[in-house]
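The values are calculated or read from the model by the stated rules, or taken from the named source; none is laboratory data. The structure displayed is predicted, hence computed values, not measured ones. All Cβ positions, glycine included, derive from the backbone under ideal geometry; neighbour counts span all protein chains shown. Note: accessible area is taken over every heavy atom of the protein model, side chains too, but ligands, DNA and RNA are not part of it. Shrake-Rupley method; radii C 1.70, N 1.55, O 1.52, S 1.80 Å.
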Amino acid sequence: MRVTPCQAALAGAIGLNLLLLYCAWRGPGGSPNSCRPPRGVPGVTVLLRDFEDFENDLAGTARSFASLPVPVLVAAETAPYPPVPLPAGVGLFPLRPAADRPPPLAHPELHVRTRHVALVPDGTRAVPGLLERMRDALEKNAGETRLVAAPVGSVPLRCLELRLEPRAWTARYGPGAPGVCRAVEGTAVLLLRTRDLFALPFPLARPVPTALFVQAAFRGWGLRVMPAAFPAARRPPVSPHGRWKAENLAETRRRRLMRDLGVKREVLADGRERWYGCGKETARCFGTVHARTPQYLLAGRWTPPCCLRALRETARHVAGVLETAGVRYWLEGGSLLGAARLGDIIPWDYDVDLGIYREDVGKCRWLAAAAAGEPVEDAEGFLWEKAAEGDFYRVHYSRSNRNRLHVDLWPFYPRGGVMTKDTWLGHPQDVEFPESFLLPRVPMPFAGFTAMAPNNARAFLELKFGPGAIENPEYPNPAVKRLGED
């Protein structure tokens, strides 16, 4: 039978596809993917990630390391613009999805074929053999050590300890002991195993060093510092506009990174703090509160520290305004519990409760305006209003940050020697109590200031919460989430 050229081409195409399928899934030894290019070959790939489009030394850095020779990749959301004349053989690793391309991060490890990868900052110059020495140091100290750092330039790296407090959304830096580093201060080349890098949830987030240090600390990875340094390129001074632009971009990236990593507060080695989270202009400090259980509790977290800071500020402000106006108030509910237990807001609480004498409402101009149904913003930017849920008042941290950070003011009045009120929300601790607890009221440390409280806090709290309330902390709704189940 005569075979036409068209039939031969079709048969060849079918055969090739069958061969590829057989090779991929039933290759030599029967192992899947055995015909794919080898992965994890010896060597180090240089990855260039931290650079700016508008002013960089990308071409010089790539050229220097490509001369070793080692594989060099540039990782960027899109191709650098203005265009950078990259040396021959230097690849571009696009990170931003495009409609006409496969998802770039579906298998990012396919772009790096070597067993080790070095993340090199812009403006670094290669030193023959130093990457290999870093690799050898990593493998020699295999185990807890997963990162090796070498300085760039003449300034040595400073070894830092990094302690993460996930429930408090906090990262704390401190001086590191010799040989025990979790982070470094200074410009550095960072080398690690390729499989470790791409096992991280944010392998190429910027700023690269911070992203790697925090993710490594979550996993308990150690870091080794090499004494040998990479030279830094001599570069012309950055223009004032370029410096301003770079600083703004760096701040934006850092805030985005901290949001992704779940860090809202950094305590630096010198004691300074960086905050990432709520402010007067923020729409809300955290997500939904359902069945008296904030969303963050279900994620194993406590109240974000920026929210606690704002809540303390609101409570201090409200107490000061009430005292100045002559409104009799006292710590109520969970706020009194926090004061008795810690002298502060309970770490997982999301509001402050104060009781007030209903007859004193008219003494405070802001409360009087709220009682008349008019939300009013005071001179310090705090918003006073009547609550929609019933006959009580709410003071918000700001007009923008409403319904999350607030102080609730509950108007009680005496009836036959018992303090009662008109709105009850069904909380177990929401009960009447003898007025004798307020005759007199007493000062009590709370949230960084002195607040007024019932004269027998323990008896008051045990009336509301039951025996042992101070010594036995519990989440607001144990039926949904219990303390210790994190």
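Side notes on the structure shown:
- C-alpha center-to-center spacing [segment 374-413, segment 226-266] in angstrom: 40 Å
- Computed helical MRE - 222 nm, the chain, DSSP H runs ≥ 4 contributing -39500 (n - 2.57), nearest 500: -8000 deg cm²/dmol
- Accessible area in square angstrom per residue, segment 302-485, 1.4 angstrom probe: 41 Å²
- Per-residue extension of 0.36 nm, minus the Cα-Cα distance of Asn248 and Ala177, leaves a gain of 22.2 nm for this segment.
- Rounded if a/c under 1.5, otherwise prolate or oblate - segment 389-486, Cα gyration tensor axes: rounded
- Net charge, Val321 excluded, C-beta distance under 11 Å - Lys, Arg +1, Asp, Glu -1: 0
- Counting only protein heavy atoms and a probe of 1.4 Å, the accessible surface of the chain is 56% carbon and sulfur.
- Calculated translational diffusion coefficient of the chain (25 °C, 0.890 mPa s; Stokes-Einstein with Kirkwood radius over alpha-carbon pairs) equals 90 µm²/s.
- Alpha-carbon centroids, segment 316-339 and segment 427-486: separation in whole Å: 14 Å
- Extents of segment 302-485, largest first, come to 42, 41, 29 Å (Cα atoms, principal axes, whole angstrom).
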